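Remarks on the structure that follows.
The values are calculated or read from the model by the stated rules, or taken from the named source; none is laboratory data. Everything numeric here is computed off the predicted structure, so don't read it as measured data. Glycine gets a Cβ as well: all are built from the backbone with ideal geometry, and neighbour counts include every protein chain shown. What goes into the accessible areas is simple: the full protein's heavy atoms, side chains included, and nothing from ligands, DNA or RNA. Shrake-Rupley method; radii C 1.70, N 1.55, O 1.52, S 1.80 Å.
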Amino acid sequence: VVAFSTTTGAPLAWSMSSDTQVYALATDNRQLYVGGWFSSLAGQPRRNLASVDLRTGALTSWNPSPDGLVSTLTVSGDTLFVAGQFESLPGYGRRGVAAFNNGNGDVLSFNPQMPAPGVVKGFGVHADRVLLAGEPDGINRGAFRWVERGSGATASVTSPTRPGSTAEGVAQVDGVMYAVSHTSGPLGLASIDGSS
């Protein structure tokens with residue numbers, strides 16, 4: 001993991017190495033969250049998910065240890081959303097998707113009950129709902145699913161896709177989410193109104 005100056009574009013002196021691969025970064029402006037497929041970061045034992053204190057540049061003691069690859073991280077307000085190819089967080093379950101309070105690191109009740117082999121590759125967050133993008137209901141069952149932000153239960157809004165498609169990512173601007181999906185239908189690059 002490396003850092004660059006936004007003023008000069010030059011690399012900064014700070015860096016952090018893992019023993020294998022890092023796939024995702026996110027920040028809440030206090031901590032840098034690091035996800036991937038690793039068993040150590042900065043020479044310290046950390047399993048697939050860790051955080052760095054941005055004031056000191058040092059690894060924090062937070063170590064939730066999902067048992068598989070973490071490939072997607074999104075911060076929204078006081079919540080860190082995490083997705084990947086893990087079966088559980090020790091003591092909590094949470095197959096493939098989890099959420100943490102980014103103030104104290106606690107695991108939240110958010111649990112969308114991901115079926116095997118469902119996968120989430122992106123999150124969009126709007127008010128009290130979260131858009132899961134990827135194949136959140138399993139292979140060929142649709143690219144998107146809206147869930148409640150608190151519990152992760154399926155929300156009572158229409159998912160904007162049909163079976164046979166898969167999503168690769170989400171970008172969000174205010175109340176509109178832009179998503180990319182592979183599909184044989186009309187939804188290839190779409191904007192999704194987060195308010196409906």
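Worth pointing out:
- Per residue, the chain exposes 48 Å² of accessible surface when a 1.4 Å probe is rolled over the protein heavy atoms with every protein chain present.
- The distance linking the range 1-63 with the range 109-125 is 24 Å (Cα centroid to Cα centroid, whole angstrom).
- Neighbour net charge for Asp53 - beta-carbon separation under 12 angstrom, K R +1, D E -1: +1
- Virtual spin-label span in nm between Tyr23 and Ala127, 7 Å along Cα→Cβ: 3.3
- Taking 0.36 nm per residue of separation and subtracting the Cα-Cα distance, full extension of the segment from Gln44 to Glu87 would add 13.2 nm.
- Net charge, Thr20 excluded, C-beta distance under 14 Å - Lys, Arg +1, Asp, Glu -1: +1
- Within the assembled protein chains, the solvent-accessible surface assigned to Asp78 is about 90 Å², based on a 1.4 Å probe.
- Cβ-derived FRET efficiency at R0 35 Å, Val176 paired with Thr7, nearest 0.05: 0.70
- At R0 = 22 Å, FRET efficiency that the Cβ-Cβ distance of Ser15 and Ser61 yields, to 0.05: 0.60
- For the chain, the share of accessible area belonging to carbon and sulfur comes to 51 percent (1.4 Å probe, ligands and nucleic acids excluded).
- Sequence ranges 1-14, 85-98, ranked by mean other-Cβ count within 10 angstrom, highest first: 85-98, 1-14
- Of the residues Thr8, Leu54, Ala42, the one whose Cα sits farthest toward the positive end of the charge dipole of the chain, with +1 on the Cβ of Lys and Arg and -1 on the Cβ of Asp and Glu, is Ala42.
- Neighbour net charge for Val120 - beta-carbon separation under 12 angstrom, K R +1, D E -1: +1
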